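Accompanying notes for the structure given below.
What follows is calculated from the coordinates using simple rules that are stated; it is not laboratory data. Fair warning: this is a prediction, and the values are worked out from it, not measured in the lab. Positions of Cβ are generated from backbone atoms using ideal geometry, with glycine treated the same way; all protein chains shown enter the neighbour counts.
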Amino acid sequence: MVRRESRQRIVGIDWLEMFVSERGDIDYSANGFRARGYDVQEREYGTKTMAEMFVILDRKGYPFIEIRRAPRGLSSLAKKTVYEEGDSYVRLSNMYCYDANPVQLMCDFLSRERYTIKKIYRIDIYTDFEIFDTGDKPAKVVRRIVDHTYSKVNQAQRRTSGEDTWTECFDNWISWGKKGSMVSTKIYNKTKEVKETGMHKPYILENWRRYGYIDDVAHITRDGLPVDMWRIEFSIKGNARGWIHIDKDDTEDGGAHHLPHSLQVYSDPQGVLNAFANLVPYYFHFKIYEEGKRKSLCKDKQLFIFAENEYETGYRLTNESDFDRVRHIDLEDDIVAINHLVRAKMKLACTEFDPELTEIITKLQHRVDQKSLKIYDKHTDIF
């Protein structure tokens with residue numbers, strides 16, 4: 001199937017926030033940054049967890065970096081808090097997320113101020129589009145998700161928002177995931193959001209113009225006609241640990257490779273596309289609902305069509321701290337082989353000797369052994 005949208009795919013970062021540690025010999029307060037020549041806009045109060053909050057402005061007076069620091073509670077045996085002295089949050093402003101290289105801006109700032117990176121606290125990656133690759137209109141897809149024509153795989157918890165007018169009902173956005181989810185997903189009408197918030201993000205409109213989706217920024221039109229741009233956004237939280245890549249053709253190291261969840265992953269547009277496209281099968285995967293049929297047996301509803309070699313395939317984001325626990329598991333193939341093996345051995349235990357079945361078991365066992373997978377079957381006590 002060929003992608004219907006002829007324009008270049010838009011992908012990018014909409015939120016970039018780091019959890020960092022300060023050096024003990026540097027003043028990281030608002031006054032400390034002022035002393036180093038920065039223009040700082042300070043808030044009178046902090047947050048529930050951080051006593052200080054302020055924004056560093058660029059030379060034109062626009063927000064550049066937001067900092068939350070000075071933990072209100074420190075880690076100790078007596079207090080079950082999570083912070084250590086010097087822990088801080090550093091967030092790149094939304095406008096600078098649309099810079100040509102937002103990750104480099106963040107890295108340069110952290111390096112210049114000699115912060116130590118602990119982890120990515122939150123990063124939101126997105127794609128903006130007018131129609132899906134398959135030609136489906138986003139508004140129609142959203143309606144079919146809401147009326148359960150399309151059923152989402154994974155992330156059952158859903159929230160929606162829309163309007164109920166005299167002539168029609170429609171939904172403007174749907175989000176999936178819950179508090180604490182490693183990844184939350186959202187699809188929404190970005191044009192509508194931009195208009196309702198007073199057109200105060202011209203850099204987003206300029207991005208659409210640059211890619212050819214609109215030619216009139218002031219009215220969000222192309223060739224005089226209004227354009228509805230939609231956005232799909234994956235918000236990746238700080239409990240993400242890394243990316244697992246399983247290469248079925250690589251027999252060394254079980255074919256598993258590990259990529260830390262670091263800024264390097266998102267350091268250029270191709271990296272962002274790699275991450276986004278690899279999240280789609282897990283977090284934006286839908287089935288065409290058929291009553292009485294198991295979800296796994298229903299047909300997929302394809303919405304994205306990625307060209308061959310458009311991105312690096314086979315990565316899965318994980319929150320596992322022990323990569324060895326998941327490194328050899330390929331959900332599509334290995335688990336199926338294991339299930340067949342268990343059933344075959346259970347059948348063999350209940351039947352007379354069957355050379356053909358024994359041969360099948362031997363082959364499956366070899367596959368499982370190659371992948372270093374261990375299973376315990378309480379029914380047969382074979383493993």
Quick calc, residue 319 & residue 85: beta-carbon distance into FRET formula, R0 30 Å, rounding 0.05, result 0.70
Fewest-first ranking of 171, 25, using other Cβ atoms within 10 Å as the exposure measure: 25, 171
Using the per-residue mean of other Cβ atoms lying within 10 Å as a proxy for protection, in what order, highest first, do the peptides 86-92, 155-161 fall? 86-92, 155-161
So what's the convex hull volume per residue for the Cα atoms of segment 1-144, in Å³? 188
Which order do the peptides 285-297, 125-137, 28-40, 259-271 come out in when sorted by mean C-beta neighbours inside 10 angstrom, highest first? 125-137, 259-271, 28-40, 285-297
Which pairs, out of 140/178; 192/293; 137/178, put more than 31 Å between their alpha-carbon atoms? 192/293
Taking Lys and Arg as +1 and Asp and Glu as -1, residues besides residue 16 with C-beta under 12 Å from its C-beta add up to -3
